[in-house]
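Structure provided below as structure tokens; questions to follow.
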Ligand SMILES: *Cc1c(COP(=O)(O)O)cnc(C)c1O
């Protein structure tokens, strides 16, 4: 029996064509014609003011920390239930991640807890749109405005998802996307920073180009370029952009197909939810999701490790995440947590993520396998 892998990166079949074109054009460093196509696609399809490709979402988050002038001791409010990059990007500049608990329905930051964590040192809120399902952005944006805070959306999982019709990553001053191969749209490794506040655009270009005004130079706005600010190298080469463009061109079809598989799981697990064996994901009416992750929250009586082992024997790969950041060695050392984060700790022990990838025709086997083991 062949094992059903947890993930299998999707290929549209047009990636090589574009890579061949890029090769023929002979400009393989960044910001060539394919990068421009990706930027235009992202700007048109998300409505952000400016999109810039980066090596990863991690890189986009690091750029964000530089762009909002993070200083040592600044406090950044974020969920503990997230990937390490959300915290690392700010901690690298000496900021203190302040960990908030999550909502038990969407597993997104609990907006009702944010205000109690704000101090005079708070600089930004970083909502993470888990599984491509939007956070409660009205409340978060309101709190940020009232307290003069930046909002940096970790929208790593959020491509083609929206909140009340607005694309994820375009509501905060900055949004960060991931094109890692585990995400819906990918280029192996890859990412983008979406700038929604025009006053940050020029400096974003400079930071991304090693602290130089090289972008202005290429536009003919200055006759030489020089070192004018701190920066690093955050732009990917053209081969990555060529690959990514093939995926962006098909992103609506990709999203549709993922949503279809997501819906199949959702329907199948209704009965097990009714029996109290598990809880299914919740997508609030304000959110349009992209089918990035299908997860189930197992009942407390079910031993997750044993379940994963039994499913493995049936040739079904399942995984879990995240180890809460506030309980991690570095999170304890560099972060700050007020009291316990009961929902985060509970969910991280009970969540199980199921295989979901395009072209997967063994979904029935996954659904039956889980039902057999836990009934
Ligand atoms: C995947 C992911 C990242 C990191 O993305 P990379 O492109 O691999 O750097 C950051 N935050 C979240 C929530 C993610 O899921």
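Read-outs: derived from the displayed coordinates by stated rules, not from any lab. Note that the structure is a prediction, hence the values are computed from the model and not measured. Glycine gets a Cβ as well: all are built from the backbone with ideal geometry, and neighbour counts include every protein chain shown.
Per the helix-only calculation at 222 nm, which mean residue ellipticity applies to the chain, given -39500 (n - 2.57) for every DSSP H run of n ≥ 4 and division by its residues, nearest 500 deg cm²/dmol?
Working: 15 runs with 144 residues, N = 375.
Counting only the DSSP helices, I get -11000 deg cm²/dmol.
Per residue, what volume in Å³ does the Cα convex hull of the chain take up? Numbers along the way, then the final one.
Numbers: hull volume 50.8 nm³, N = 375.
Dividing the Cα hull volume of the chain by its residue count gives 136 Å³.
Okay, moving on. From Cα coordinates alone, what are the radius of gyration and Dmax values for region 11-166 in angstrom?
When restricted to the Cα atoms of region 11-166, Rg and Dmax are 17.7, 56 Å.
Stick to Cα atoms and the Kirkwood definition of Rh, then tell me Rg/Rh for region 161-291. Provide the component values of the computation, followed by the final result.
Details: Rg = 20.1 Å, Rh = 17.9 Å.
My calculation of the ratio gives 1.12.
If we sort 101-113, 249-261 on the protection proxy, mean other Cβ atoms within 10 Å, highest first, what's the order? The partial results should precede the final answer.
Numbers: 101-113: 20.7, 249-261: 16.9.
Packing order, densest peptide first, comes out as 101-113, 249-261.
Take peptides 8-16, 132-140 and line them up by average Cβ neighbours within 10 Å, highest first, as a rough protection proxy.
Numbers: 8-16: 14.8, 132-140: 22.9.
Descending packing order for the listed peptides: 132-140, 8-16.
Still on this model: Modelled label-to-label distance, residue 227 and residue 372, 7 Å Cα→beta-carbon offset: nm?
Label at residue 227, label at residue 372, 6.4 nm between them.
Based only on other Cβ atoms within 10 Å, what is the fewest-to-most ordering of 235, 334?
On the way: 235 23, 334 18.
Ranked by crowding around the Cβ, least crowded first: 334, 235.
Right, here's the next one. Mind putting together the pair-distance distribution for region 220-262? All Cα pairs, 5 Å bins, whole percent per bin, short to long.
5, 15, 12, 12, 14, 12, 11, 7, 6, 5, 1
Now for a different question. Take peptides 183-195, 31-43, 266-278 and line them up by average Cβ neighbours within 10 Å, highest first, as a rough protection proxy. Don't skip to the answer; put the middle values down first.
Values: 183-195: 23.9, 31-43: 19.2, 266-278: 14.5.
With the highest mean Cβ count within 10 Å placed first, the list reads 183-195, 31-43, 266-278.
Can you figure out the FRET efficiency of residue 202 with residue 361, using R₀ = 35 Å and their beta-carbon distance, to the nearest 0.05? Present the calculation step by step, with values, prior to reporting the outcome.
Details: r = 49 Å, r/R0 = 1.40.
E(calc), rounded to 0.05, equals 0.10.
Please work out the Cα center distance from region 73-104 to region 324-368, rounded to the nearest Å.
Region 73-104 and region 324-368 have Cα centres separated by 16 Å.
Quote the Stokes-Einstein diffusion coefficient, in whole µm² s⁻¹, for region 274-355, based on the Kirkwood radius over alpha carbon pairs, a temperature of 4 °C and a viscosity of 1.567 mPa s. Before the final figure, lay out each step's value.
Details: Rh = 14.7 Å.
Translational diffusion coefficient: 88 µm²/s.
Follow-up. For each of 126, 84, 98, 282, count neighbouring Cβ atoms within 10 Å of the residue's Cβ, then give the residues from fewest to most. Don't skip to the end; give the middle numbers.
Working: 126 29, 84 15, 98 24, 282 12.
Final ranking by Cβ density, sparse to dense: 282, 84, 98, 126.
Turning to a different aspect of this structure: Using the Cα atoms of region 129-184, I'd like the radius of gyration and the largest Cα-Cα distance, Dmax, both in angstrom.
Cα only, region 129-184: 11.3, 38 Å (Rg, Dmax).
In what sequence do 367, 78 fall when counting other Cβ within 10 Å, fewest first? The partial results should precede the final answer.
Details: 367 18, 78 24.
Going from sparsest to densest Cβ surroundings: 367, 78.
Based on alpha-carbon atoms only, what is the radius of gyration of region 24-88 relative to the globular estimate 2.2 N^0.38 Å? Write out the running numbers ahead of the final one.
On the way: Rg = 15.4 Å, N = 65, 2.2 N^0.38 = 10.7 Å.
Ratio of Cα Rg to 2.2 N^0.38 Å: 1.43.
Given 37 °C and 0.692 mPa s, how large is the Stokes-Einstein diffusion coefficient of region 154-237 in µm²/s, with Rh as the Kirkwood radius over Cα pairs? Before the final figure, lay out each step's value.
On the way: Rh = 14.1 Å.
This corresponds to a translational diffusion coefficient of 232 µm²/s.
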